[in-house]
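Participant: Provided herewith is a single structure, encoded as structure tokens, for subsequent inquiry.
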Amino acid sequence: MLILITYDVATSSENGARRLRKVAKKCQDYGQRVQNSVFECIVDATELVKLRKELVELIDKEKDSLRIYRLGNNYKTKVEHIGVKETKSVEEPLIF
């Protein structure tokens, strides 16, 4: 299933910049960045539970915000991209 992860980490706090890097790195382990603080990830139900748990452990619930949108398996008709940033399929391997 495709999930969309968005987050807002308060970087004004002492450990905010560190939390921001850790959250971004964790999201990158599961998917690809499509915009600042926005990731698309293809995961199964077990991976979603694991990723959610790992992210919740990284953020400060009093200062940060984390949103996970479940777009499901039929996401191709639910996602539309308009604009200049090149998009890559999250299902195909990335070769540089």
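The values are calculated or read from the model by the stated rules, or taken from the named source; none is laboratory data. Bear in mind the structure is a predicted one, so any value in this text is a computation, not a measurement. Neighbour counts are summed over all protein chains in view; Cβ atoms, including those assigned to glycine, are modelled from backbone coordinates with ideal geometry. Calculation scope for accessible area: heavy atoms of the full protein, side chains included, ligands and nucleic acids excluded. Shrake-Rupley method; radii C 1.70, N 1.55, O 1.52, S 1.80 Å.
Participant: Find the accessible area per residue for the chain; the probe is 1.4 Å, ligands and nucleic acids are left out, and the unit is Å².
Facilitator: Per-residue accessible area for the chain comes out at 73 Å².
Participant: Springs between alpha-carbon pairs under 10 angstrom, Gaussian network model over the chain: which of 83, 72, 16 fluctuates most?
Facilitator: Checking each option, the largest mean-square fluctuation is seen for 83.
Participant: Measuring from label point to label point, each 7 Å out along Cα→Cβ, what is the residue 36 to residue 18 span in nm?
Facilitator: If labels sit at residue 36 and residue 18, their model points lie 2.3 nm apart.
Participant: Working from Cα positions, state the angle (0 to 90°, nearest 10) between the long axis of helix 16-30 and the longest principal axis of the chain.
Facilitator: 30
Participant: Next question. Of all the accessible heavy-atom surface of the range 42-84, with the other protein chains kept in place and a 1.4 Å probe, what percent is carbon and sulfur?
Facilitator: Taking all protein chains in place, the range 42-84 shows 49 percent carbon and sulfur surface.
Participant: Using θ = phi - 60° and the Karplus relation 6.51 cos²θ - 1.76 cosθ + 1.60, list the HN-Hα couplings for the range 4-13 in order, rounded to whole Hz, with x at every Gly or Pro.
Facilitator: Along the range 4-13, the couplings run 10, 10, 10, 8, 9, 9, 6, 8, 6, 7 Hz.
Participant: Then there's this: Between residue 60 and residue 81, what FRET efficiency comes out of the Förster formula 1/(1 + (r/R0)^6) with R0 = 25 Å and r the beta carbon distance, rounded to 0.05? Walk me through the intermediate numbers first.
Facilitator: On the way: r = 32 Å, r/R0 = 1.27.
Plugging the Cβ-Cβ distance into 1/(1 + (r/R0)^6) gives 0.20.
Participant: From Cα pairs below 8 angstrom and at least 6 apart in sequence, can you work out the relative contact order of the chain, rounded to a whole percent?
Facilitator: 41
Participant: In degrees, nearest 10, range 0 to 90: what is the angle between the Cα axis of helix 45-58 and the longest Cα principal axis of the chain?
Facilitator: In the chain, helix 45-58 runs at an angle near 30 degrees to the longest axis.
Participant: Taking K and R as +1 and D and E as -1, what net charge do the other residues with C-beta under 9 Å from the C-beta of residue 4 add up to?
Facilitator: Charge balance in the 9 Å sphere: +1.
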